[in-house]
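The structure under discussion appears below in the form of structure tokens.
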Amino acid sequence: MMLDRVLRIVAAALIVGGTLTAHKSSAQDGAKIAAGEVVYNTYCATCHGDGLVSSGQTFDLRRLEAGARSRFENSVLGGKGQMPPWKGVLTSEEIDQLWHYIRDNAYQK
Amino acid sequence: MMSARQGALLAAVIAFTAGFAASASSQTAEDLKNDHLTPGDVLVYGMGYSGQRYSPLTQINKDNAARLVPVWAYSITDNRGAEGFPVIKDGVIYTTAHNATMAIDALTGSQIWRANHEYPPETLRVVCCGIVNRGAAIYNGKIIRALLDNQIVALDAKTGKEVWRTKSPAPTSTENGYAMTGAPLVANGVVIAGVAGAEFSHRGFLEGYDAETGKHLWRHYNIPAQGEPGSETWHGESYLTGGGSSWVTGTYDPELDLVYWGTGNPAPWNPRARAGDNLHTNSIIAIRPKTGERVWAFQTTPADPFDYDGVHTPVIATIPAQGQPRRVVIQANRGGFLYVLDAKDGKLLAANAYGKVNWADGIDMRTGRPKHTQVYHDALAGKKVTVWPSVSGVTNWQHMSFSPRTGLLYINTLHVGMTYEAPEPPKLVPGKPSGTPTVRRTVVLDDPNVRGYLKAVDPMTGKSTWETPYKSPNYSSTLVTASNLVFTGTMTGEFQALDADTGKILWSFQTPSGIVGQPVTWERNGRQYVTVMSGIGGVYALRSGDPNLKNVPAGASLWTFALFDK
């Protein structure tokens, strides 16, 4: 009986703890997404369109899928086609924020 | 032994040949001055120093415009916006892209030469609104243009070989937020060039270079330094990052010896970081081409919250104003008012809305200042407002034309508003982006199927004689002829001829991409031609998210049309 009660308390604590962890992680992602939007508006929107909406003449960043992160970072840092390289301008933290913003708006989550 | 008669004949031949060679290779100041009177060539940006984009040619008219056909097309080999103004001299068309200058046989479309221009890839970090070039100037056998990385270069018109190249002096650099996209204007032997980059926290200016040698002659900062008259309109050191660029080519009145140029928006876009009127941003300025001395200035939008970049080319005309014919400059301002100023002293003669405007009720004719509505005051206080027009303006950079025959302006306008909110402003440093990230906005439409009109507008009243609606706004410039035809292009690629009296579309031809170029007309061997670049790009195409454009392919090409002759 006592054991059963203890187990229930432990289980409840685990559930609450897990929920809190999930909330914390979600809040961190939200902050990254918001910061990424600022980075995007500052450096990227001039060519890739307001609110990530391209009119069709440049790459639609919403097409980037979850597995494209390294390709994305290489393109941002080194430039691609007529996109200038952003190495030395954007920090790895900003690129991470940008990635979270783009992925949050991607066609395939 | 040569006879006296043979000697005289030879002398005549030599004189004739020398004269021909001179006319074939030289474009003197006098040639440039008379450009609007010589329809066999197109020598000056805007088809003449007045920038009227008016041609006396009449072979193509309302009755036969439907018989227009392409004569040739030429690939620019580029996927960026084709905004260039074609220069035409002695059967050769000179045109530009951001990374190349080209000479093309005007009758066949075959390439004579192409000069490629390299620039560091980092240059593109400070090109806010399309990687473009708007054209070259021609002078004494040289094709003179600006490069994106802030250099002015002169090429031999015959060969494309470089004659001189001058880097714009410090602090002009990519790192400090400067880029050059506009076409230079040669006035009184001086190459006048402006800069882009008010979105990157720079301090805008105009410059003069010697057209023969490339020597840098002067710089006129559009924003006064501390202690200079007008500096009191800037708070603290905000003038150092205050914008006021000069990216659209101006006009020149040789009799008054004044160059007219529009200056751009203040920076940052967020007005709460730069209290004051912010002189001489959003202004029309008149300067002496030899020295850069500013003779007068008229500010259209003091303390601008909305990015109403006042760069639209001031067109020179003689029109009835206040009871008599007057030499005036006319500017279709981005904020939605059409200004008419005395060309001599900048005195305000008329200012009327020519599109939907809600941030001001009109212009005070005594002070020249906008009569602000609550929308403006709320915006400045940081409240969210719905404002007309949007950041793109009632018109943007696309050039209007003016017909002395009809007395009307032909203006491609936008019909788009925006929500707008300016939060607490950021601290700025030179070269740091200062446009979009400093405010919040969204697009507002009255009708998603009408985002623009081509309008025939009376300069003194702002009222339209006709308005032809378009699904997406035209960013092509207009051209008007003495046969009362207006030529323009659409974002979806149709090149069109309209009746200047009614606005009816008389002819339309689908080019391979969207048109954001500048149509010109010219004649050779008794045949009239119309030339325009096709190639979507520029700020609206890149940023608007306009769904009408999603199936418009990129790709720049140059097209020439004439009447079907069989």
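The values are calculated or read from the model by the stated rules, or taken from the named source; none is laboratory data. Not measured: the values here are computed from a predicted model. As a convention, Cβ positions derive from the backbone with ideal geometry for all residues, glycine included, and neighbour counts pool all protein chains shown.
Here are the numbers:
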read-out	value
Matching residues, segment B:238-282, being assigned to a loop (DSSP other than H, G, I, E, B) and either closer than 16 Å to B:Ile330 by Cβ or of a type in the set (S, T, N, Q) (or both)	B:Ser245, B:Ser246, B:Val248, B:Thr249, B:Gly250, B:Leu256, B:Thr263, B:Asn265, B:Asn270, B:Asn278, B:Thr281, B:Asn282
Which numbered condition B:Val450 fails, given (1) without any contact (Cβ under 8 Å) to a residue 60 or more places away in the chain; (2) hydrophobic (A, V, I, L, M, F, W, C); (3) within 30 Å of A:Ala35 (Cα to Cα)	(3)
Enumeration of residues in segment B:77-129 that are among the β-branched types (Val, Ile, Thr) and either within 14 Å of chain A (Cβ to nearest Cβ) or out of contact with any strand residue (DSSP E or B) (no Cβ under 9 Å at 6 or more places or on another chain) (or both)	B:Thr77, B:Thr123, B:Val126, B:Val127
Residues within segment A:33-53 that are in contact with a helix residue (DSSP H, G or I) (Cβ under 6 Å, 6 or more places away or on another chain) and more than 7 Å from chain B (Cβ to nearest Cβ), tallied	8
Hits in segment B:543-566 (condition: at negative phi, in contact (Cβ under 8 Å) with a residue 40 or more places away in the chain and either among the aromatic types (Phe, Trp, Tyr) or touching a strand residue (DSSP E or B) at 6+ places or on another chain (Cβ under 8 Å) (or both))	B:Ser544, B:Ala556, B:Ser557, B:Leu558, B:Trp559, B:Thr560, B:Phe561, B:Ala562, B:Leu563, B:Phe564
Enumeration of residues in segment B:165-175 that are more than 14 Å from every other protein chain (Cβ to nearest Cβ) and closer than 25 Å to B:Gly538 by Cβ	B:Ser168, B:Thr172, B:Ser173
Strands (runs of 3 or more DSSP E) completely within segment B:449-566 that count 1 or more residues being charged (D, E, K, R) and either in contact with a helix residue (DSSP H, G or I) (Cβ under 6 Å, 6 or more places away or on another chain) or within 26 Å of B:Tyr74 (Cα to Cα) (or both)	B:494-499, B:520-524, B:527-534
Exclusive hit being under 16 Å from B:His98 (Cα atoms), buried (at least 23 other Cβ atoms within 10 Å of the Cβ) and touching a helix residue (DSSP H, G or I) at 6+ places or on another chain (Cβ under 8 Å), set B:Ala137, B:Ala179	B:Ala179
Residue count, segment B:80-104 (criterion: touching a Phe, Trp or Tyr at 6+ places or on another chain (Cβ under 9 Å) and in a strand (DSSP E or B))	10
Some residue of segment B:320-331 being at pLDDT below 95, more than 27 Å from B:Thr478 (Cβ to Cβ) and part of a strand (DSSP E or B)	yes
Selection from segment B:130-156 of residues that are within 14 Å of chain A (Cβ to nearest Cβ) and over 19 Å from B:Gly250 (Cβ atoms)	B:Gly130, B:Ile131, B:Leu148, B:Asp149
B:Trp466 vs. criteria modelled with pLDDT of 95 or more and within 30 Å of B:Ala275 (Cβ to Cβ)	no
Any hit, segment B:157-164, residues being surrounded by 23 or more Cβ atoms within 10 Å (Cβ to Cβ) and either out of contact with any Asp or Glu (no Cβ under 9 Å at 6 or more places or on another chain) or more than 14 Å from chain A (Cβ to nearest Cβ) (or both)	yes
Out of B:Thr95, B:Thr58, B:Thr108, sole residue that is of a type in the set (Ser, Thr, Tyr) and farther than 24 Å from B:Val315 by Cβ	B:Thr108
Candidates B:Asp90, B:Asp105, filtered to the one that is in contact with a helix residue (DSSP H, G or I) (Cβ under 7 Å, 6 or more places away or on another chain), of a type outside the set (A, V, I, L, M, F, W, C) and within 18 Å of B:Asn525 (Cβ to Cβ)	B:Asp90
Close pairs from segment B:364-384: first farther than 16 Å from B:Glu424 by Cα and part of a helix (DSSP H, G or I), partner modelled with pLDDT of 95 or more and small (Gly, Ala, Ser), Cβ under 7 Å, at least 6 apart	B:Tyr376/B:Ala360
Selected residue [buried (at least 24 other Cβ atoms within 10 Å of the Cβ) and in contact with a strand residue (DSSP E or B) (Cβ under 8 Å, 6 or more places away or on another chain)] from B:Thr300, B:Thr291, B:Thr318	B:Thr300
Residues within segment A:54-103 that are within 14 Å of another protein chain (Cβ to nearest Cβ), under 14 Å from A:Val38 (Cα atoms) and touching a Lys or Arg at 6+ places or on another chain (Cβ under 7 Å), tallied	1
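Here is a yes/no grid of residues against (1) under 28 Å from the mean Cα position of the chain (by Cα); (2) small (Gly, Ala, Ser); (3) surrounded by fewer than 16 Cβ atoms within 10 Å (Cβ to Cβ); (4) under 17 Å from B:Pro266 (Cα atoms):
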site: B:Thr367; (1), (2), (3), (4): yes, no, yes, no
site: B:Asp378; (1), (2), (3), (4): no, no, no, no
site: B:Val387; (1), (2), (3), (4): yes, no, no, no
site: B:Ser390; (1), (2), (3), (4): yes, yes, no, yes
site: B:Gly393; (1), (2), (3), (4): yes, yes, no, yes
site: B:Asn396; (1), (2), (3), (4): yes, no, no, yes
site: B:Ser401; (1), (2), (3), (4): yes, yes, no, no
site: B:Tyr410; (1), (2), (3), (4): yes, no, no, no
site: B:His415; (1), (2), (3), (4): yes, no, no, no
